[in-house]
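Coordinate-derived values only; no laboratory data. Quantities reported herein were computed from a predicted structural model and do not represent experimental measurements. Note that each Cβ is placed from the backbone with ideal geometry, even for glycine, and that neighbours are counted across all protein chains shown.
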Amino acid sequence: MQNININLSQILIVSSINNILDSLIQILPKHNTRVVRNEITDKDEFLLAQANATIKEAYIATSDKKYIILCGSTFRKEAQNSLLKVLEEPPKNIIFIIVTTSKSTLLPTILSRMPHKFLKEKKQIEELSLNLKNIDLKDTYNFLKEKQKISKTEAKTLIESMIYKVNTQKIKLTTKELDSFSVAIKLIELNSKPINILTTLLLTLMHRKNRH
């Protein structure tokens, strides 16, 4: 498990929550490990209900170390706020492990209370079919038409491909335009509609082309 100290409360930022969870379950004591996550299919968001369950579990006394694994692609702000006290002053023998796919989903107050470790795997960036340097309205329309029902995960992968294409085509963007890509990924993680985010990014690139 890439030098993870299991005796320490920590945040793990990973590519696949399920894969890391499987690995953790294999090395942690079965009877003293609890997993808390939103079990609703395809909505892996850590809500206040999961935070309350975490706090309740943490205050069940134990003479041995107990590991509570908090899983979520996104963590709601109110859920994190309710966890602050228990994360800062955990009950005796309680170790918290937060597993998520993005550091940006966590509040600075959470990040400051626990060390975090990046365990993301390097992945092959898919080649984007669009020529972003000379993109026009027709290209944009046809591309977005194909992506109408794109998922959150697919949209994030697509944005990564766009960033890669911007770099390989040596497209010069302003700081604000560059920031729009990281903002786009964060908005998708917060459940904004992917097609709307992609439309905004492509229009930004079209505007850049018209500026030159």
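Let me make sure I get this right: for the range 132-211, a, b and c are the square roots of the gyration tensor eigenvalues over alpha carbons, sorted descending. Under 1.5 in a/c it's rounded, otherwise prolate if a/b > b/c, else oblate. Which is it?
Values: a/c = 1.77, a/b = 1.27, b/c = 1.40.
Taking the square roots of the gyration eigenvalues as a ≥ b ≥ c, the range 132-211 is oblate.
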Longest principal axis of the chain (C-alpha) makes with the long axis of helix 48-58 (C-alpha) an angle, in degrees to the nearest 10, of 30 degrees
Ranking PHE118, PHE181, PHE75 by Cβ neighbours within 10 Å, fewest first, what do you get?
PHE118, PHE181, PHE75
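Please identify every one of the GluC sites (Glu not before Pro) in the range 80-149 that sits in a loop by DSSP and has no more than 15 other beta carbons within 10 Å of its own beta carbon. All intermediate terms of the calculation are to be shown ahead of the outcome.
Details: sites: GLU88, GLU121, GLU126, GLU127, GLU146; in loops: GLU121, GLU126, GLU127.
Filter output for the range 80-149: GLU121, GLU126, GLU127.
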Long-range amide H partners of ILE69 with built H, under 5 Å
ARG34, VAL35, VAL36, ILE97
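Using the C-alpha atoms of the range 41-95, what convex hull volume per residue, in cubic angstrom, is computed? Don't skip to the answer; put the middle values down first.
On the way: hull volume 4.3 nm³, N = 55.
Given the Cα convex hull of the range 41-95, per-residue volume reads 77 Å³.
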Calculated from backbone phi, Karplus (6.51, -1.76, 1.60) coupling profile of the range 83-100 in Hz, x at Gly/Pro:
8, 3, 5, 6, 6, 6, 10, x, x, 4, 6, 9, 10, 9, 10, 8, 10, 8
Once amide H atoms are placed 1.01 Å from N in the peptide plane, what residues at a sequence separation of 5 or more from SER102, or on another chain, have their amide H within under 5 Å of its amide H?
VAL14
Rounded to whole Å and sorted largest first, list the principal axis extents of the Cα atoms in the chain.
67, 31, 31
In whole percent, what relative contact order does the chain give with Cα contacts below 8 Å and a gap of six or more residues?
22 percent
Which of MET114, MET162 has the fewest other C-beta atoms within 10 Å, and how do the rest follow up to the most?
MET114, MET162
³J(HN,Hα) across the range 70-82 via Karplus (A = 6.51, B = -1.76, C = 1.60, θ = phi - 60°), whole Hz, x for Gly/Pro?
9, 10, x, 5, 9, 10, 5, 4, 5, 5, 5, 4, 6
Please identify every one of the trypsin sites (Lys or Arg not before Pro) in the range 166-211 that sits in a loop by DSSP and has no more than 14 other beta carbons within 10 Å of its own beta carbon.
LYS170, LYS172
Gyration tensor on Cα atoms of the range 10-119, a ≥ b ≥ c root eigenvalues, a/c under 1.5 rounded, else prolate if a/b beats b/c, else oblate, says rounded
Would you work out the charge dipole size for the range 10-119 about its Cα centre, treating the Cβ of every Lys and Arg as +1 and the Cβ of every Asp and Glu as -1, and quote it to the nearest 20 debye?
240 debye
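Pairs LYS56/LYS156; LYS30/LYS147; LYS165/LYS193; LYS92/LYS152; LYS120/LYS147: which are spaced more than 32 Å apart, C-alpha to C-alpha? If you can, show how the numbers build up before the last one.
Details: LYS56/LYS156 34 Å; LYS30/LYS147 43 Å; LYS165/LYS193 23 Å; LYS92/LYS152 39 Å; LYS120/LYS147 26 Å.
Result: LYS56/LYS156; LYS30/LYS147; LYS92/LYS152 exceed 32 Å.
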Magnitude of the charge dipole, the range 143-212, Cβ model with Lys/Arg +1 and Asp/Glu -1, debye to 20
220 debye
Exposure proxy check: THR157, THR174, THR101 ranked by fewest other beta carbons within 10 Å?
THR174, THR157, THR101
I'd like the distance separating the alpha-carbon centroids of the range 173-200 and the range 133-150, in whole Å.
16 Å
